[in-house]
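Asks: Please read through the structure below; I'll follow up with questions.
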Amino acid sequence: MKELKQLAGLLTKAERWSAIGLLALALVGAFAEAVGIGAVFPLLSLLSQPQAMLADERVRSVIVWTGAASYEQFVLLATAVLMLVFVVKNLFLAVLYYAQTRFVCLADARIGADLLSAYLCAPYGERVEHNSADRIRVVTTEVSKVTLGFLMPLIALVTEGLVVVSLVVLLLVVRPQAAVLAFVLMGAMSVAVQAGFRRSLGAHRHVRVEASSAMFRSVSEGLGALKETKVLGREQHFVRRFRDNSVRYARSTIVFMTMNLLPRLLMETAAVATLAACIIVTIVTRQPLDTIVPVLTVFGLAAVRIMPSATRMLSAINNLRYYVPALRDVSAHVANAPRPLRVELGPGTAAAEPLETFELRDVSFSYPGETAPTLRSVSLSIGRGEIVALTGRSGSGKTTLSDIMLGLVAPAAGEVRVNGRSIREPRRELGTYAGLVPQNFFILDDTVRRNVAFGVPQEEIDDERVWRALEQARLAERVRTDGRGLDMPAGENGALLSGGERQRLAIARALYPQPGLLVFDEATSALDSATESEIVETILTVSRTRAVLVIAHRPALLGIATRTFHIENGILTGASESERTVT
Ligand SMILES: Nc1ncnc2c1ncn2[C@@H]1O[C@H](COP(=O)(O)OP(=O)(O)OP(=O)(O)O)[C@@H](O)[C@H]1O
Ligand SMILES: [Mg+2]
């Protein structure tokens, strides 16, 4: 029941209604199965015992009603009706299976996409508590373990369960003693199978989740920090951790898959035992053996249908047991995911009014759990054409201040003003005004075009604008000489570019939306002085039409600032007006 509740919690209201609708269809399907197999019985009796059948008053009246001229004609008619019953039944079942599979697969797609949208759209500050390898694992693989490994088997269990019940009822009507015997035999087999598997499966299902998590982390850490991995010679660590856990995963899978195959063998044994029992019962009760031919045929057909159903049911139970931890894992991720889970993504950032002044007034901020505030009543104003520099020790709060200006985190107190207007929802509105060249940027393993127009759909990319951004970032020349133009590849994490080119690509990316305020966070700290002076030139160029904040220690950058601020213990001090006048 707890698991059912968790599962229901993963589905939307509409999906829960669909599930109920599918259940109703499965009921109809089970009834159709019984009707189909039940229809074989009269036809077989008609063929094997024509005399006895034709002597029956009811049969005769049916023949008269159909208008059949002869026995053969009636048999043909009955065969045609049987054919029709099976075709209609199987068409219906095909539609039912399609509807069930469609339901499960679309739920799978929806849950994964909703989780990702919750992760991406959540306020930036909430990112730190989660491991991204874990989130990648849940979104890409665990959700489908729940839908295909838990939801689908549950549907199969209910559907097949209904079929088995309706066929057993049919057999009870046709030959009660034998049906009871069959039911008891199969039931006993199933219980024995489940009891035998229970413990082993219980231990292995947890191993799968743990091993899968460790595998994802090994790959993501080892490949993600490839350079460090190689320089420090730690390849073996990641390979060993991955291999050990792959083997644990494999062992768990071996047990699980073998268990999924055994039910068929057991069911077959039970079916043959039932057949034997049927013959014995007929002989013991002294009934003529030829009367059991149609009964046996119906039993045979029923067995042919019950066996796969029962096998599917037993496998389904295995699956449900095995994937319970996956369900818990995904449920926990969904429960802890930032709300709202489904974020209605509006159109991209709208073009904002031109920025004249950008201002922070008495802004304070504390990280949750930290005793001392990171920013205390900070006030700062930057106008168009100005370059403001910000210095301070490591950990003094410079990046935090820029995060607030970018609308990544909301200030605890104070206000942000643009062109003299107070911004009510900084997280939503500031993105249209402010751009960032971060300290650590992520270059896509893609073309220069897509790196500059980061995340803009291909058909909406404005090549003119990409070139303009490259021009301003002083990267256009390099791209033009490449020959492939904007299709020039950047390589994984910019491996095909130099450090300075990567930096300029990051600047071009920040410039593409043409923000009124541009923040450079230690943008040149990793560059040599020649490359740095080129970036300085770039900053000077872009500052003509923008407000610029540079976070820096290096004299080259401080030299171009119109004013320099210092931050210490969360307090901003010393607006020293520099000599430089902006041209
Ligand atoms: N998400 C967070 N949760 C809690 N504390 C944080 C978080 N991010 C940063 N801090 C802390 O807040 C303080 C300011 O961090 P911030 O990144 O703003 O410093 P910084 O001035 O940019 O330093 P650096 O020059 O080294 O980049 C640091 O003491 C840091 O440990
Ligand atoms: Mg920083």
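FYI, it's all coordinate maths here, none of it is from the lab. These figures come from a predicted structure and were not determined experimentally. FYI the Cβ positions are ideal-geometry reconstructions off the backbone, even for glycines, and counts take in every protein chain you see.
Asks: Could I have the simple spin-label model distance between Leu232 and Val173, label points 7 Å from Cα toward Cβ, reported in nm to one decimal?
Replies: With each label point 7 Å from Cα toward Cβ, the separation is 7.2 nm.
Asks: How far apart, in nm, are the 7 Å Cα→Cβ label points at Ala52 and Leu23?
Replies: That separation, rounded to one decimal, is 4.3 nm.
Asks: Output needed for segment 2-336: three equivalent-ellipsoid semi-axes, defined as square roots of 5 times the C-alpha gyration tensor eigenvalues, in descending order, whole Å.
Replies: Here the semi-axes work out to 53, 23, 15 Å.
Asks: Here's something else I'd like to know. Ordered by packing density, taken as the mean number of other Cβ atoms within 10 Å over each peptide's residues, highest first, how do 145-151, 503-509, 165-171 rank?
Replies: Top to bottom by mean Cβ count within 10 Å: 503-509, 145-151, 165-171.
Asks: In nm, what is the difference between 0.36 nm times the number of residues separating Thr12 and Phe86 and their Cα-Cα distance?
Replies: Computed gain between Thr12 and Phe86 is 23.1 nm.
Asks: Excluding Val416 itself, calculate the net charge of residues whose Cβ lies under 11 Å from the Cβ of Val416, where each Lys or Arg counts +1 and each Asp or Glu counts -1.
Replies: 0
Asks: Average the reciprocal distances over every distinct pair of alpha-carbons in the chain, invert the result, and give the Kirkwood radius in Å.
Replies: 30.2
Asks: Between Ala273 and Ser366, take the C-beta separation as r, use R0 = 51 Å, and let me know the FRET efficiency to the nearest 0.05.
Replies: Details: r = 73 Å, r/R0 = 1.43.
After rounding, the FRET efficiency stands at 0.10.
Asks: Hey, another quick one. Determine the percent antiparallel among the DSSP beta bridges restricted to the chain, to the nearest 5.
Replies: Details: 19 of 36 bridges.
Percent antiparallel among DSSP bridges in the chain is about 55.
Asks: Still on this structure, please answer the following. With a sphere of radius 11 Å drawn around the Cβ of Gln49, what net charge do the other residues whose Cβ falls strictly inside it have (Lys, Arg +1; Asp, Glu -1)?
Replies: Cβ neighbours under 11 Å give a net charge of -2.
Asks: Another question, if that's okay. Hey, can you rank 314-325, 562-573, 223-234 by average C-beta count inside 10 Å, highest first?
Replies: Numbers: 314-325: 22.2, 562-573: 17.7, 223-234: 11.8.
Final packing ranking: 314-325, 562-573, 223-234.
Asks: Mind putting a number on the dipole of the chain about its Cα centre? Charges go on the C-beta only, +1 for Lys and Arg and -1 for Asp and Glu, and I need it in Debye to the nearest 20. Mind dumping the intermediate values first?
Replies: Working: 61 positive and 54 negative charges, 354 e Å.
About 1700 debye.
Asks: Taking the Cβ of Lys89 as the center, what net charge do the other residues with Cβ under 14 Å away carry, scoring Lys and Arg +1 and Asp and Glu -1?
Replies: Local charge sum for Lys89: 0.
Asks: Right, next: Across the chain, how many lysine pairs separated by 8 or more positions, or lying on different chains, have Cα atoms within less than 27 Å?
Replies: Count of close lysine pairs: 5.
Asks: Taking the Cα-to-Cβ direction at Ala225 and at Ala495 and moving 7 Å from each Cα, how far apart do the two end points lie in nm?
Replies: Taking the simple label geometry, Ala225 and Ala495 are separated by 1.9 nm.
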